[in-house]
Each structure stands twice: as C-alpha cells, then as structure tokens.
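Quick notes on the structure that follows.
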Amino acid sequence: MKRIAVTGAGGQIAYSLIFQIAAGELLGPNQPIALQLLDVPQVVDSLKGLVMELEDCAFPLLKEIRFGSNPQEAFAGADYVFLVGAKPRGPGMERKDLLADNGKIFVEQGKALNEAASKGVQVLVVGNPCNTNCLIAIHHAPNIPAKQFHAMTRLDQNRAQFQLAHKANVRVEEVSCVTIWGNHSSTQVADFVHAKIKGKPAIDVIRDRNWLEKEFFPGIQKRGSVVIAARGKSSAASAAHAALGAMRSLIVPTPAGEWFSSGEYTQGNPYGIASDLVFSFPCHPEIVSGLKWDDFLQEKIAITQKELIEERDCVALLLRG
Ligand code: NAX
C-alpha cells in the first residue's frame with residue numbers, strides 16, 4: 001500500500017486533486033492507496049463530508065482514509081506528500097505578502113515530515129509562495145534529502161505549452177521541452193528558446209519574436225492573476241491537474257530528449273544559480289544540464305533569481321533550525 005498525504009484537504013485544489021488520486025491517476029490502476037488528509041482544526045469537521053464523498057465513489061484502490069489537523073499523523077509513513085495547504089492569493093495581493101503568513105506553516109510541516117514520513121518520500125509544494133515555502137520545509141527536514149522536495153511550476157509549464165500550441169496551430173502534445181526557470185511568480189521565465197514544436201525549435205516554427213517576447217512571455221507570467229480576475233478565485237482544477245502531473249513525472253519516466261519543469265534545491269546546480277534556493281529548472285527528473293541562455297533569457301533569469309534571494313532574505317528567521 002502507498003500512503004499519500006494531502007494538506008489543505010478542505011480547499012479548492014484538494015477537492016479536485018484528492019479524487020484523481022483516489023481514482024488511481026497518480027500511481028496507476030493496480031496500486032492500493034491510503035489517503036492521509038490534513039487541514040486546520042476549524043476545517044477538519046468539514047473533511048467528514050469529503051470522506052463521505054470519497055466513500056460514495058467506491059474507489060477500488062482506496063483502502064484507507066485518515067484525516068485530522070496533526071501534521072505528524074498526516075505524514076506518518078507517507079510515500080508522496082502534496083503540500084497544498086496555505087492561504088491563497090486574493091485579488092491585488094502580491095506573493096511577497098504571503099511569505100510571512102505562509103512560511104510558518106512550512107516550518108512545522110518540514111519538521112513533521114522529517115519525523116514521520118517514509119525516508120523515500122517525495123514532497124511537492126503547491127501552497128504559495130511555493131519555491132520559498134519548499135526551501136523552508138527543506139531546512140526543517142534534515143533527514144530527508146533535499147532532492148526529494150519539489151516546488152510546483154508545472155501549471156506554468158502547461159499554460160506555456162498550450163499557448164505555444166495555439167499560436168503554432170498544432171496539437172498540445174506536439175509541443176515539448178517547455179521550461180519554466182526560476183520562481184513560480186510574476187518573474188518566472190517561460191523559455192520559448194529551448195521549447196520544441198514537432199521536434200523543431202519553437203522559434204523556427206513561430207517566426208514572430210515580438211509575439212514571443214511581448215505577448216507570450218508576459219502572458220504566462222501574469223496568467224495566474226488573469227485567472228483570479230476572471231473567476232474571483234485562484235486556479236483550482238488546472239492546479240490540481242498540474243500537481244498530479246508534476247508528481248507523476250517523478251514516478252513515470254519522461255521520454256529521452258524531453259523534460260519537465262520543477263522547482264528544485266539549487267545546491268550544486270549546473271547553471272550557476274545561487275545555492276540554497278528552490279529554483280525551477282528543466283528536469284528529467286534530475287536537472288537537465290547544458291541549455292545555453294541567450295541575452296533575453298539571461299536577463300530575465302537574473303531577475304527571477306534576485307526575487308528568490310529577496311524572498312529568502314524575508315524568511316531568514318524561519319530558515320534557522
Ligand atoms: P483554499 O483556500 O481553497 O484552500 C487552502 C486550504 O489550506 C484551506 O482549507 C485551509 O484551511 C488549508 N490550510 C491553511 N493552513 C493550513 C495548514 N497549516 N495545514 C493544513 N492546511 C492548511 O486554497 P487553494 O485554492 O486550494 O490553494 C492552495 C494553495 O495553492 C494556495 O497557496 C495557492 O496560492 C496555491 N496555488 C499554487 C499554484 C502553483 O502553481 N504552485 C497554482 C494554484 C494556487 O494558486
């Protein structure tokens with residue numbers, strides 16, 4: 001049996017994610033699973049309703065469901081952990097406003113993971129600001145290798161993949177090697193230089209550098225805010241779908257020559273990014289080396305790196321053990 005923990009279980013992303021996991025979409029149709037759900041005490045009662053709905057689905061693979069507000073119990077023996085729980089960004093709110101509020105959660109949860117999770121646990125941080133929250137959790141889980149922690153930039157990757165496919169008038173699956181560099185924030189770098197369309201460089205297929213730099217690039221940076229403005233809430237189903245895909249990429253091999261984007265701990269990274277950050281790279285699932293940045297990418301990557309260093313400075317107190 002594999003144990004899968006989800007925090008923020010009473011929230012909108014979890015409401016989509018948990019049912020996909022229970023249906024076997026993470027670990028396949030032959031793997032029995034236990035779900036271990038965590039939320040804050042005020043929300044735990046409402047999880048009873050969620051559990052009833054899970055029961056009412058009669059999922060054949062779902063053998064056990066636990067829920068509560070104790071992180072150590074939620075992470076006990078967990079093989080896969082989705083750290084979704086955090087306060088979402090509302091209209092007009094910048095990510096940095098969230099740092100102080102949400103960072104503390106990841107101190108407590110990093111410690112609980114360290115004590116209770118399976119040693120081979122894979123942890124995906126979704127709750128924002130996810131890169132820096134992930135960094136905080138890494139600092140408080142010294143017994144779990146940092147390479148088992150990941151921050152989610154898969155939704156940004158999926159958004160970029162769709163927009164490139166749409167512009168080139170090809171199927172989404174014909175777009176590959178889409179990299180998001182840096183922070184999951186409005187400084188993120190959606191790399192159209194190394195993206196491929198039908199195996200060819202996207203820049204040779206979409207011969208419109210102006211559109212790539214002036215519309216596509218900022219459009220991906222701002223997409224989260226545009227979705228909030230349109231629906232009054234942050235992305236939910238698309239985020240759940242991305243979380244599932246991000247974790248699956250750690251389990252199911254990615255085809256040779258392709259890669260996915262994920263926020264990874266920067267110690268020893270092959271791109272000279274400052275150490276002790278969580279920065280999104282091309283991954284397979286180890287960081288893919290050797291991509292050369294042109295002047296445009298170089299400039300934008302410097303900006304997102306600077307933002308991550310500033311975020312780390314803001315939470316310096318929370319990083320201490
Ligand atoms: P909701 O507000 O619907 O749900 C969040 C849930 O987390 C609530 O039930 C809340 O009680 C719970 N929670 C708060 N503190 C907790 C704690 N200490 N332990 C356990 N649970 C706790 O938010 P939702 O829309 O589900 O979004 C969750 C997080 O994902 C937010 O931080 C949001 O900003 C982030 N997102 C990250 C994305 C990414 O690409 N990395 C994209 C989507 C989303 O914006």
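Table for the structure above
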quantity: Options Ser261, Ser289, Ser275: the member that is buried (at least 16 other Cβ atoms within 10 Å of the Cβ) and either of a type in the set (S, T, N, Q) or touching a strand residue (DSSP E or B) at 6+ places or on another chain (Cβ under 6 Å) (or both); calculated: Ser261
quantity: Elements of type strands (runs of 3 or more DSSP E) contained in the range 2-81, each with 3 or more residues being in contact with a strand residue (DSSP E or B) (Cβ under 6 Å, 6 or more places away or on another chain) and touching a residue at least 60 places away in the same chain (Cβ under 8 Å); calculated: 2-7
quantity: Helices (runs of 4 or more DSSP H) fully within the range 202-321 counting 2 or more residues that are not aliphatic (A, V, I, L, M); calculated: 217-231, 237-248, 295-314
quantity: Residue identified as more than 14 Å from the ligand (Cβ to nearest atom), exposed (fewer than 15 other Cβ atoms within 10 Å of the Cβ) and either modelled with pLDDT of 95 or more or more than 19 Å from Ile105 (Cβ to Cβ) (or both) among Gly24, Gly28, Gly49; calculated: Gly28
quantity: Residue match in the range 181-192 (condition: crowded, with 17+ Cβ neighbours inside 10 Å, within 16 Å of the ligand (Cβ to nearest atom), acidic (Asp, Glu) and in contact (Cβ under 8 Å) with a residue 24 or more places away in the chain); calculated: no
quantity: Flag if Ala117 is within 12 Å of the ligand (Cβ to nearest atom) and modelled with pLDDT of 95 or more; calculated: no
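The values are calculated or read from the model by the stated rules, or taken from the named source; none is laboratory data. A quick note: this is a predicted structure, and the numbers were derived from the prediction, not measured. All Cβ positions, even for glycine, are placed from backbone atoms using ideal geometry, and neighbour counts span all protein chains on display.
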